[in-house]
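Right, one structure below, let's go through it.
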Ligand code: ADP
């Protein structure tokens with residue numbers, strides 16, 4: 001069975017075709033700048049790469065590019081579109097209603113659209129992606145949606161409520177949802193295999209998804225009990241361009257002083273803060289590292305602030321869990337930044353955590369990075385959100 005995984009943004013559409021027979025990625029690519037000037041990239045598992053400028057006025061025309069690339073020319077990986085058995089979509093916000101992946105129906109599309117209020121940039125684009133896939137592939141190809149928020153739905157109210165008047169929860173569903181759930185689910189499941197505890201029963205683990213956007217989850221017996229992201233993916237600790245949690249008064253104070261509208265303030269917090277805002281250099285860790293090596297004090301400060309915040313969250317989650325068996329690092333930074341991992345593990349020296357310096361040099365590969373005598377185990381586990389989406393899609397379609 002071949003499954004097409006789709007991640008639709010407002011002006012982009014990422015895709016991956018996965019053969020579930022052996023879980024092999026056959027091709028992947030990205031339609032960027034949809035509705036602007038259009039850039040299309042297509043890569044196959046055999047190393048074929050194609051990049052071209054092509055006008056894509058909307059998501060439906062982007063799907064036509066994808067269909068063409070998959071079935072024609074040098075980058076062709078299937079003979080006919082009928083080989084695509086199902087389509088799986090990544091959806092950012094599934095509200096309190098969706099604690100698992102589901103088959104797309106009109107009601108599901110309506111719900112995703114309704115939740116757009118909580119994730120304006122993302123959910124509207126996802127609905128466009130679902131509708132465009134239907135138009136391009138026809139109504140007979142089943143579609144499944146996989147929510148970033150679903151895995152966090154096990155959090156108890158004491159973890160997901162905010163200390164604002166209860167009426168806002170009732171009226172507007174203001175609460176902590178958490179994001180990156182697909183990634184936290186994938187790496188936690190892999191961690192249970194490495195711990196020899198399938199399903200995670202009897203375990204306490206902390207998963208750190210550290211990328212451009214970052215979040216940490218505390219997971220007990222396979223269920224999330226707390227996570228750092230909140231109503232939106234802005235909460236938590238310093239990210240590439242996002243502020244993470246700040247004293248709420250800081251937001252009101254800056255808005256007043258700078259005479260900013262909510263949208264302008266949202267741009268400051270989401271796009272101009274974090275590593276970029278503090279360092280003034282870049283949101284990207286590789287640039288920050290270079291700047292630190294060149295003696296840039298603000299880049300160093302940004303780095304120290306982020307590490308300190310991660311260490312604080314990990315410590316507080318250990319208390320919330322009442323202990324910890326393993327810590328997992330994943331995503332661009334988690335998989336590739338030995339220094340961040342090292343500082344987090346060293347902060348747990350008081351608990352008997354011992355880093356294996358040699359193994360911690362790993363980049364982008366699965367590795368246990370603590371020594372056999374360490375009381376807390378730590379792993380680097382590369383994430384694979386597309387594979388989770390494909391697996392969920394297959395599981396649902398198999399039951400039709
Ligand atoms: P996104 O949230 O956009 O998916 P990623 O998970 O790709 O982001 O993470 C991007 C971050 O990971 C960037 O800060 C980048 O510098 C960092 N990163 C990726 N690869 C490396 C590497 N080889 N060495 C150091 N940092 C890396």
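Are there any pairs, at least 6 apart or on different chains, whose C-beta atoms fall under 9 Å, with the first in the range 321-341 and free of Cβ contacts under 8 Å to residues at least 60 places away in the same chain and within 22 Å of residue 385 (Cα to Cα) and the second assigned to a helix (DSSP H, G or I) and away from the ligand (no atom under 12 Å from the Cβ), and if so, which?
341/360
Please determine, by comparing only the residues of the range 111-120 that are surrounded by fewer than 20 Cβ atoms within 10 Å (Cβ to Cβ) and touching a helix residue (DSSP H, G or I) at 6+ places or on another chain (Cβ under 9 Å), which one is nearest to residue 394 (Cα to Cα).
Filtering first and then ranking leaves 113.
So how many residues does the range 350-369 have that are over 25 Å from the mean Cα position of the chain (by Cα) and buried (at least 19 other Cβ atoms within 10 Å of the Cβ)?
So the count comes out to 2.
Within the range 271-305, how many residues turn out to be without any contact (Cβ under 8 Å) to a residue 60 or more places away in the chain, crowded, with 18+ Cβ neighbours inside 10 Å and part of a helix (DSSP H, G or I)?
So the count comes out to 12.
Hey, does the range 159-179 have a residue that's crowded, with 24+ Cβ neighbours inside 10 Å, farther than 17 Å from residue 115 by Cα, more than 16 Å from the ligand (Cβ to nearest atom) and in contact (Cβ under 8 Å) with a residue 60 or more places away in the chain?
Within the range 159-179 (the criterion being crowded, with 24+ Cβ neighbours inside 10 Å, farther than 17 Å from residue 115 by Cα, more than 16 Å from the ligand (Cβ to nearest atom) and in contact (Cβ under 8 Å) with a residue 60 or more places away in the chain), the answer is no, since none of the residues qualifies.
Testing residue 149 on (1) buried (at least 23 other Cβ atoms within 10 Å of the Cβ); (2) out of contact with any strand residue (DSSP E or B) (no Cβ under 6 Å at 6 or more places or on another chain); (3) farther than 20 Å from residue 390 by Cα; (4) at pLDDT 95 or above, one condition comes back false. Which one is that?
(3)
To keep it simple, each residue is scored yes or no on (1) over 16 Å from residue 190 (Cβ atoms); (2) away from the ligand (no atom under 16 Å from the Cβ); (3) in contact with a strand residue (DSSP E or B) (Cβ under 7 Å, 6 or more places away or on another chain).
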residue: 306; (1), (2), (3): yes, no, no
residue: 317; (1), (2), (3): yes, yes, yes
residue: 348; (1), (2), (3): yes, yes, no
residue: 357; (1), (2), (3): yes, yes, no
residue: 363; (1), (2), (3): yes, no, no
residue: 378; (1), (2), (3): no, yes, yes
residue: 399; (1), (2), (3): yes, yes, no
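Would you check if residue 253 is touching a residue at least 60 places away in the same chain (Cβ under 8 Å), part of a helix (DSSP H, G or I) and more than 14 Å from the ligand (Cβ to nearest atom)?
Numbers: touching a residue at least 60 places away in the same chain (Cβ under 8 Å): no; part of a helix (DSSP H, G or I): yes; more than 14 Å from the ligand (Cβ to nearest atom): yes.
For residue 253, the condition - touching a residue at least 60 places away in the same chain (Cβ under 8 Å), part of a helix (DSSP H, G or I) and more than 14 Å from the ligand (Cβ to nearest atom) - is not met.
Check whether at least one residue in the range 324-331 is surrounded by fewer than 17 Cβ atoms within 10 Å (Cβ to Cβ), modelled with pLDDT of 95 or more and under 22 Å from the mean Cα position of the chain (by Cα), and report yes or no.
No, that holds for no residue.
Picking from 236, 202, which residue would you name as being in a loop (DSSP other than H, G, I, E, B), away from the ligand (no atom under 16 Å from the Cβ) and modelled with pLDDT of 95 or more?
202
Hey, can you tell me all the residues within the range 211-233 that are farther than 16 Å from residue 187 by Cβ and away from the ligand (no atom under 14 Å from the Cβ)?
Within the range 211-233, 221, 225, 226, 230, 231, 232 meet the criteria.
If you check residue 211 against the conditions, is it surrounded by fewer than 21 Cβ atoms within 10 Å (Cβ to Cβ) and touching a helix residue (DSSP H, G or I) at 6+ places or on another chain (Cβ under 6 Å)?
It is true that residue 211 is surrounded by fewer than 21 Cβ atoms within 10 Å (Cβ to Cβ) and touching a helix residue (DSSP H, G or I) at 6+ places or on another chain (Cβ under 6 Å).
Among the residues of the range 141-158, how many are assigned to a helix (DSSP H, G or I) and touching a residue at least 24 places away in the same chain (Cβ under 8 Å)? Break it down into steps so the answer makes sense when it comes.
First pass over the range 141-158, keeping only residues assigned to a helix (DSSP H, G or I): 150-154, 157-158.
Keeping just the survivors that are touching a residue at least 24 places away in the same chain (Cβ under 8 Å) gives 150-154.
Within the range 141-158, residues that are assigned to a helix (DSSP H, G or I) and touching a residue at least 24 places away in the same chain (Cβ under 8 Å) number 5.
The values are calculated or read from the model by the stated rules, or taken from the named source; none is laboratory data. Fair warning: this is a prediction, and the values are worked out from it, not measured in the lab. Counting neighbours? That spans all protein chains shown, and the Cβs are built from the backbone with ideal geometry, glycine included.
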